[in-house]
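Asks: Please find one structure pasted underneath; my questions will follow.
The values are calculated or read from the model by the stated rules, or taken from the named source; none is laboratory data. This is a predicted model, so every value here is computed, not measured. Quick reminder, even Gly has a Cβ in these numbers, built from the backbone with ideal geometry, and neighbours come from all protein chains shown.
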Amino acid sequence: MKVLVVYYSMYGHVHALANAVVAGAQQVAGVDVVFRRIREFPENVEHMKKEGGYAYQVYQGQQSIPECTLDDLRAADGMVFGSPTRYGNMTAQAKALIDSTASLWLGGDMEGKPVGFFTSTASTHGGQETTLVSMMFPLLHLGMLIVGVPYSLPGMIHTEARGGTPYGASTIAGPRGELQPTAEDLAIATSLGKRVAEVTLAVRAKK
Ligand SMILES: Cc1cc2nc3c(=O)[nH]c(=O)nc-3n(C[C@H](O)[C@H](O)[C@H](O)COP(=O)(O)O)c2cc1C
């Protein structure tokens, strides 16, 4: 059974959550975890290269992770999908991958596959929930089964400046990206990965 963990990250926060999701999915026996990053726009690569700043370092640090292809999506039995927020929505890079799936939609290739979500915002109320839900809309069109995060999970009910939502795992990066995911953010991401893997096994075993 294959669980695809696929993400986009410009400054590393969603990448850190993705690593935690992978660790959680790997805890489930009988699941092969496939780890993929979403393709960066070539013009962004050029821009980042010219600037030579932190984003380019982060980009270079992700080169060992293969780019996600339509075949990866087709082959997956379950998926966990991550993107930082852009104005309360997923990134254009993540949307571009989703918008390339017309052949999968036509073939019903993603139908009945469980999917969970994770995200990062700069600020506390910068749109974690809206971004997570924005990723759900198209994947519902593809016929996927949404998996959230239950409130029984430790760290879910809180009033602290950190992530953790019923719609998916999340973190707060800070206005300059100066924060890192908290231990609770990572633990929730790990639990989400495990949960999606378990649901995938249960749902897809019957196929
Ligand atoms: C064009 C643009 C729009 C953004 N919009 C928001 C936003 O609506 N709310 C917010 O909190 N952060 C916003 N951010 C900040 C990013 O979400 C933040 O850099 C990201 O969560 C860090 O994740 P990463 O390290 O994985 O790239 C925006 C950043 C950019 C470049």
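Asks: I need the full set of residues from region 179-190 which are out of contact with any Gly (no Cβ under 8 Å at 6 or more places or on another chain) and within 11 Å of the ligand (Cβ to nearest atom), in order please.
Replies: L179, Q180
Asks: Looking at L97, L106, which is the one that is more than 16 Å from the chain's Cα centre (by Cα) and at pLDDT 95 or above?
Replies: Residue meeting the stated conditions: L106.
Asks: Restricting region 57-76 to residues that are within 13 Å of the ligand (Cβ to nearest atom) and surrounded by 14 or more Cβ atoms within 10 Å (Cβ to Cβ), which is nearest to the chain's Cα centre (by Cα)?
Replies: Q62
Asks: Moving to a separate point now. When you scan region 64-80, do you find a residue that is under 24 Å from V196 (Cα atoms), touching a helix residue (DSSP H, G or I) at 6+ places or on another chain (Cβ under 8 Å), among the acidic types (D, E) and outside any helix (DSSP H, G or I), even just one?
Replies: Yes, region 64-80 contains at least one residue that is under 24 Å from V196 (Cα atoms), touching a helix residue (DSSP H, G or I) at 6+ places or on another chain (Cβ under 8 Å), among the acidic types (D, E) and outside any helix (DSSP H, G or I).
Asks: If the requirement is being more than 16 Å from the ligand (Cβ to nearest atom), of a type outside the set (D, E), over 30 Å from E160 (Cα atoms) and surrounded by 13 or more Cβ atoms within 10 Å (Cβ to Cβ), which of these qualifies: I98, I38?
Replies: Checking each option against the conditions leaves just I98.
Asks: Only one of G193, G148, G163, G155 is within 24 Å of V22 (Cβ to Cβ), away from the ligand (no atom under 15 Å from the Cβ) and surrounded by 20 or more Cβ atoms within 10 Å (Cβ to Cβ). Can you tell me which?
Replies: So the residue among G193, G148, G163, G155 that is within 24 Å of V22 (Cβ to Cβ), away from the ligand (no atom under 15 Å from the Cβ) and surrounded by 20 or more Cβ atoms within 10 Å (Cβ to Cβ) is G193.
Asks: Give region 45-61 a look and list any residue that's outside any loop (DSSP other than H, G, I, E, B), within 19 Å of R176 (Cβ to Cβ) and not hydroxyl-bearing (S, T, Y), or say none.
Replies: Of everything in region 45-61, those that are outside any loop (DSSP other than H, G, I, E, B), within 19 Å of R176 (Cβ to Cβ) and not hydroxyl-bearing (S, T, Y) turn out to be H47, M48, E51, A55, Q57, V58, G61.
Asks: Given the conditions (1) within 16 Å of the ligand (Cβ to nearest atom); (2) in contact (Cβ under 8 Å) with a residue 24 or more places away in the chain, which single one is not true for G53?
Replies: (2)
Asks: Which of the residues that make up region 101-145 are of a type in the set (G, A, S) and more than 16 Å from the ligand (Cβ to nearest atom)?
Replies: Once the filter is applied, which keeps residues that are of a type in the set (G, A, S) and more than 16 Å from the ligand (Cβ to nearest atom), region 101-145 yields A102, S103, G107, G108, G112, G116, G143.
Asks: Still on this model: Exactly one condition in (1) over 15 Å from G168 (Cα atoms); (2) without any contact (Cβ under 8 Å) to a residue 60 or more places away in the chain; (3) within 13 Å of the ligand (Cβ to nearest atom); (4) more than 12 Å from the chain's Cα centre (by Cα) is false for G88; which is it?
Replies: Checking G88 against (1) over 15 Å from G168 (Cα atoms); (2) without any contact (Cβ under 8 Å) to a residue 60 or more places away in the chain; (3) within 13 Å of the ligand (Cβ to nearest atom); (4) more than 12 Å from the chain's Cα centre (by Cα), the one that fails is (1).
Asks: Given P181, P175, P138, which one is outside any helix (DSSP H, G or I) and without any contact (Cβ under 8 Å) to a residue 60 or more places away in the chain?
Replies: Going through P181, P175, P138 in turn, just one is outside any helix (DSSP H, G or I) and without any contact (Cβ under 8 Å) to a residue 60 or more places away in the chain: P175.
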